[in-house]
Amino acid sequence: MKKIIHITSSTKGAASFSTQLGKAIIEKLQIQYPDSQVILRDLIADPAPYVSTGEVAAFFMPEDQHTEEMIKAAAYSKAAVTELLDADILVISAPLINLSIPAQLKSWLDHITRSGQTFRYSEAGPEGLVKGKKVFLALSGGAVYTEGPMQAFDFLTPYLKGMLGFLGMTDTTAYWADGTSVPGWKETTLERAIQSISIPEDLEAMA
Ligand SMILES: Cc1cc2nc3c(=O)[nH]c(=O)nc-3n(C[C@H](O)[C@H](O)[C@H](O)COP(=O)(O)O)c2cc1C
């Protein structure tokens, strides 16, 4: 059984392009893995708190020395890391917000980026510890980023791929429903993105 986490980060609810695209990816995954379990993490309805002083103190102290305050402060991070390590596949739905990722998604990333748990440093440099996962990105933006002059302003894809790769999640496929504000493009962008979804045959071997 595959465990899939669907992370959504749009304020637009059911009308969100990135959420709908992520759902379409999951529907196709479920054809391949009918008994898969899907966990929805809606970071708008249930936002991750900003990382706090007590939480960072807990990050750098052995768990058996945590105070009550630290346990409380690090609870979100602990649950999010456990959930991530337990998953086989991540589907991350993200709109482009002011040329970057939604703040709520950044906050979730801040909680799952844990030294000794999801990455570590050795003499060879940093090593991601979240291995064997498949990641799908379901992205959306008002302008067109898959071609043309705005491609240079796509900070969403390289940041997410870079950050997830730092944590060991290097097998990432990105799909874009872009140009959602561009007449003549916005009308068909979601359908075109959905049609382009391709689930790799060898997912069983790697995940
Ligand atoms: C606060 C805000 C900032 C945005 N910033 C950008 C931007 O920098 N570039 C862009 O192309 N679109 C921008 N957009 C448009 C969204 O990326 C676009 O509407 C996208 O389709 C939203 O995805 P969603 O439907 O999944 O929420 C912004 C939208 C909002 C609400």
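Filter the helices (runs of 4 or more DSSP H) completely within segment 1-77 down to those with at least 2 residues that are closer than 30 Å to Gly141 by Cα and free of Cβ contacts under 8 Å to residues at least 24 places away in the same chain. Break it down stepwise before answering.
Values: elements: 17-32, 53-59, 68-73.
In segment 1-77, the matching helices (runs of 4 or more DSSP H) lie at 17-32.
Those strands (runs of 3 or more DSSP E) of segment 115-207 in which 2 or more residues are open to solvent by less than 80 Å² (accessible area, probe 1.4 Å), within 16 Å of the ligand (Cβ to nearest atom) and hydrophobic (A, V, I, L, M, F, W, C) occupy 134-140, 171-177. I'd like the residue in segment 18-43 that is open to solvent by less than 50 Å² (accessible area, probe 1.4 Å) and touching a Lys or Arg at 6+ places or on another chain (Cβ under 9 Å) and, out of all such residues, is nearest to the ligand (Cβ to nearest atom). Out of the qualifying residues, it is Ser18. Could you please let me know if Ile4 is surrounded by 15 or more Cβ atoms within 10 Å (Cβ to Cβ), at pLDDT 95 or above and more than 14 Å from the ligand (Cβ to nearest atom)? So Ile4 passes the test.
Within segment 7-17, being under 12 Å from the mean Cα position of the chain (by Cα) and near the ligand (Cβ under 9 Å from one of its atoms) holds for Thr8, Ser9.
Can you tell me which residues in segment 85-107 are in a loop (DSSP other than H, G, I, E, B) and within 8 Å of the ligand (Cβ to nearest atom)? Talk me through it step by step, then tell me what you get.
Going through segment 85-107, the residues in a loop (DSSP other than H, G, I, E, B) turn out to be 87-88, 96, 98-99, 101-102.
Listed by number, the residues that qualify are Leu96, Asn98, Leu99.
The values are calculated or read from the model by the stated rules, or taken from the named source; none is laboratory data. Here the structure is a predicted model, which means the values were calculated and not measured. Cβ sites come from the backbone with ideal geometry, for glycine too, and all protein chains shown count toward neighbours. All accessible areas refer to the heavy atoms of the entire protein, side chains included, with ligands and DNA or RNA removed. Shrake-Rupley method; radii C 1.70, N 1.55, O 1.52, S 1.80 Å.
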